[in-house]
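In what follows, a single structure is set out as structure tokens and then discussed.
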Amino acid sequence: MLVELGIDKSFTVTVDNASSNDVAIGYLRKKFNPRGGLVQNGNYLHMRCMAHIVNLIVVEGLKEMNKSVENNSTCLILDTTQNFEKVFERFEEQDTNFRAKLERGEGWPSVDNWTNVKNLRDFLEQFYGVTLRISSISYVTSNNFFDELSEIDILLRDAQLNNSVDFNVMAIKMKEKYDKYWGDIDKINLLMFVACVLDPRQKLKYLEFALNEMSSSEKACEMMQKLKESLYKLLDEYKPPLHNTCSQSSVPTHVSLGEPQQKMKRRIQALYKKCELEI
């Protein structure tokens, strides 16, 4: 079918994490590779959907919070729910039997319950924002994937320091799911890092700083070494066609960034700029 559509070469294919997709990617690699239809023999072909992984991380955390919140709750539901705190108070004032009826059933929401709803809403809102940004189709998103990944890493580490035991346990479970997909260099498609390096606002120096903040210096060094090797291989892959093309015409270098990209506040970036100023 791809050949019929005129697609005879593929760089990467983004799919969710269903096992059937692993089989499909293997089939594509088997069919395209012999005819030279893959970049670097298909090393970058399989790109796991970041939005799907973020969803899996959140679902894993909600499993630990089902004592106070239903598993199918979302940021939007919680956002609506917290607006009814005052409503419950007014009903209790107007109907003395209202609270008694609820306590005979699911129970009356306590102050702690409302606090948990607010805290969880604020926490999940950040993941909701990540999902919206990386799912956009109106502007380039690949160069922001690493930034989003690093923000999630910081967010989960901060959550493990929360005073609430439930939040601590939830954050630990979510970090375990995060590490399952993004904790091992061998499981990450390096194009996420390549896109960050090719962003003129980031480059290798920023990426190296961020990786050292997110992991041990040994792990960061390993990741940087592997990334640099991949960059040289990609350069060799594209060098001949680039030379021929550039000799004939100029290549536009300006890319218009969408408004959401320009307004995002990054803690890793802020820390990096602070260190640069101190140096």
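The values are calculated or read from the model by the stated rules, or taken from the named source; none is laboratory data. Predicted model, so just to flag it, every value in this text is computed and none were measured. For neighbour counting, all protein chains shown are included, and Cβ atoms are generated from backbone atoms with ideal geometry for every residue, glycine included. Note: accessible area is taken over every heavy atom of the protein model, side chains too, but ligands, DNA and RNA are not part of it. Shrake-Rupley method; radii C 1.70, N 1.55, O 1.52, S 1.80 Å.
Between their Cα atoms, which of LYS228/LYS273; LYS30/LYS180; LYS219/LYS273; LYS173/LYS226; LYS205/LYS226 are more than 18 Å away from each other?
Listed pairs above 18 Å: LYS228/LYS273; LYS30/LYS180; LYS219/LYS273; LYS173/LYS226.
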Please give the length that would be gained between ASN119 and ASN41 if that part of the chain were fully extended, namely 0.36 nm times their separation in residues minus their C-alpha to C-alpha distance (nm, one decimal).
-> 23.4 nm
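What full-extension length gain, to one decimal in nm, is calculated for CYS49 and ASP186 as 0.36 nm per residue of separation minus the Cα-Cα distance? Walk me through the numbers on the way to the answer.
Values: separation 137, 0.36 × 137 = 49.32 nm, distance 1.64 nm.
Full extension of this stretch gives 47.7 nm more.
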In nm, what is the difference between 0.36 nm times the number of residues separating SER216 and VAL165 and their Cα-Cα distance?
-> 15.7 nm
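Rank these residues by their accessible area, most exposed first, probe 1.4 Å: THR14, THR141, THR131.
Values: THR14 90, THR141 25, THR131 45 Å².
The ordering from most to least exposed comes out as THR14, THR131, THR141.
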Taking Lys and Arg as +1 and Asp and Glu as -1, residues besides ARG157 with C-beta under 12 Å from its C-beta add up to -3
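Taking the Cβ-Cβ separation of ASN33 and GLU64 as r and a Förster radius of 45 Å, what is the calculated FRET efficiency to the nearest 0.05?
Numbers: r = 43 Å, r/R0 = 0.95.
Plugging the Cβ-Cβ distance into 1/(1 + (r/R0)^6) gives 0.60.
Let's test the formula: R0 of 25 Å, r as the Cβ-Cβ distance of LYS228 and GLU4. What FRET efficiency results, to the nearest 0.05? Write down the numbers at each step before the final one.
Values: r = 39 Å, r/R0 = 1.55.
Given R0 = 25 Å and the Cβ-Cβ separation, E is 0.05.
Any idea what the relative contact order of region 146-222 is, in percent, if you count C-alpha pairs under 8 Å spaced at least 6 apart? Let's see the in-between values first.
Values: 38 pairs, mean separation 19.3, N = 77.
Relative contact order here is 25 percent.
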With r as the distance between the Cβ atoms of LYS273 and THR14 and R0 = 41 Å, compute the FRET efficiency 1/(1 + (r/R0)^6) and round to 0.05.
-> 0.85
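Please report the carbon-and-sulfur percent of the accessible area for region 111-225; probe 1.4 Å, protein heavy atoms only, DNA, RNA and ligands left out.
Values: 2910 of 5440 Å².
Roughly 53 percent, rounded to a whole number.
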Magnitude of the Cβ-charge dipole (Lys and Arg +1, Asp and Glu -1) of region 126-166 about the Cα centre, nearest 20 debye, reported as 120
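Under the rule a/c < 1.5 gives rounded, and otherwise a/b versus b/c splits prolate from oblate, where does region 162-201 land using the Cα gyration tensor? Intermediate results must be reported in sequence, preceding the final value.
Working: a/c = 6.39, a/b = 2.14, b/c = 2.99.
Oblate, since a/c reaches 1.5 and b/c is not below a/b.
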When every protein chain stays in place and a 1.4 Å probe is rolled, LYS173, LYS203 sorted by accessible area with the largest first are LYS203, LYS173
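Evaluate Rg over Rh across region 126-217, taking Cα atoms for both radii and Kirkwood's formula for Rh.
Values: Rg = 14.1 Å, Rh = 14.3 Å.
On the Cα set of region 126-217, Rg over Rh gives 0.99.
Looking at region 10-67, which chymotrypsin sites (Phe, Trp or Tyr not before Pro) are DSSP coil and have at most 15 other C-beta atoms within 10 Å of their C-beta? Display every interim value, and only then the final one.
Numbers: sites: PHE11, TYR27, PHE32, TYR44; in loops: PHE11, TYR44.
Answer in residue order: PHE11.
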For the residue pair GLU176 and ASP158, what label-to-label distance in nm results when each label sits 7 Å from Cα along the Cα-to-beta-carbon direction?
-> 2.4
